[in-house]
Amino acid sequence: MTSREIRVPSRGRGVRDLTAQCAAFAAEASGDGDGLLHVFVPHATAGVVAMELGSGSEQDLMAALDRLLPRDDLWVHRHGSPGHGADHVLPLLAGPSLTVPVVGGRLALGTWQSIALVDPNPDNPERRVRLTFLPG
């Protein structure tokens with residue numbers, strides 16, 4: 001097993017593409033072999049997803065989260081920025097981990113899939129992401 005932590009500037013709420021960093025790590029760690037890439041976000045208010053990026057999906061995702069988890073003062077969990085309680089419910093929709101097959105050193109993602117960090121919380125300037133490769 002090989003593992004590495006990367007740091008991702010969050011620049012406020014949004015979706016951050018991790019695909020290139022994940023692909024580079026998988027290629028290096030696998031030695032062009034097969035296995036599994038595990039992506040884990042050790043934060044209670046962020047998640048990782050496989051989704052299409054660059055087509056407006058990022059804005060659609062954040063808008064959907066705002067509709068499902070409104071940033072208002074109705075949450076019991078109230079510290080941090082307004083609506084922060086909603087951020088703590090995010091893992092129900094975008095979990096803290098994702099596993100992607102690696103075949104011949106390459107991520108076996110679908111044509112339009114990318115790996116992305118979902119961060120609705122504006123309070124953190126940086127997020128940590130743990131990448132782990134398990135050889136096949």
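Can you name every residue in the stretch 83-136 that is more than 16 Å from the chain's Cα centre (by Cα), outside any strand (DSSP E or B) and surrounded by 18 or more Cβ atoms within 10 Å (Cβ to Cβ)?
Scanning the stretch 83-136 gives 83, 84, 85, 86.
Check the stretch 69-77 and report whether any residue there is outside any strand (DSSP E or B), within 29 Å of residue 25 (Cα to Cα) and more than 14 Å from the chain's Cα centre (by Cα).
Residues of the stretch 69-77 outside any strand (DSSP E or B): 69-77.
Cutting the leftovers down to within 29 Å of residue 25 (Cα to Cα) gives us none.
No, the stretch 69-77 contains no residue that is outside any strand (DSSP E or B), within 29 Å of residue 25 (Cα to Cα) and more than 14 Å from the chain's Cα centre (by Cα).
Restricting to the stretch 84-118, name every residue that is farther than 15 Å from residue 34 by Cβ, touching a strand residue (DSSP E or B) at 6+ places or on another chain (Cβ under 9 Å) and hydrophobic (A, V, I, L, M, F, W, C).
90, 93, 94, 98, 112, 115, 116, 117, 118
Counting just the residues of the stretch 1-45 that are under 13 Å from residue 128 (Cα atoms) and of a type in the set (Val, Ile, Thr), which one comes out surrounded by the fewest Cβ atoms within 10 Å (Cβ to Cβ)?
My answer is 6.
From 8, 15, which residue is under 11 Å from the mean Cα position of the chain (by Cα) and either in a loop (DSSP other than H, G, I, E, B) or over 19 Å from residue 92 (Cβ atoms) (or both)?
Working: 15 fails: either in a loop (DSSP other than H, G, I, E, B) or over 19 Å from residue 92 (Cβ atoms) (or both).
Of the residues listed, the single one that is under 11 Å from the mean Cα position of the chain (by Cα) and either in a loop (DSSP other than H, G, I, E, B) or over 19 Å from residue 92 (Cβ atoms) (or both) is 8.
I'm trying to understand the selection: among the residues of the stretch 18-59, which are among the acidic types (Asp, Glu) and in a helix (DSSP H, G or I)? Please lay out each step first, then the result.
Initial filter on the stretch 18-59 (among the acidic types (Asp, Glu)): 28, 32, 34, 52, 58.
Matches in the stretch 18-59: 28, 58.
Being of a type outside the set (A, V, I, L, M), more than 22 Å from residue 84 (Cβ to Cβ) and buried (at least 21 other Cβ atoms within 10 Å of the Cβ): is that true of residue 55 here? Spell out how you get there, then give the answer.
Values: of a type outside the set (A, V, I, L, M): yes; more than 22 Å from residue 84 (Cβ to Cβ): yes; buried (at least 21 other Cβ atoms within 10 Å of the Cβ): no.
The answer is no for residue 55.
No value in this document is a laboratory result; all are computed from the given coordinates. A quick note: this is a predicted structure, and the numbers were derived from the prediction, not measured. All Cβ positions, glycine included, derive from the backbone under ideal geometry; neighbour counts span all protein chains shown.
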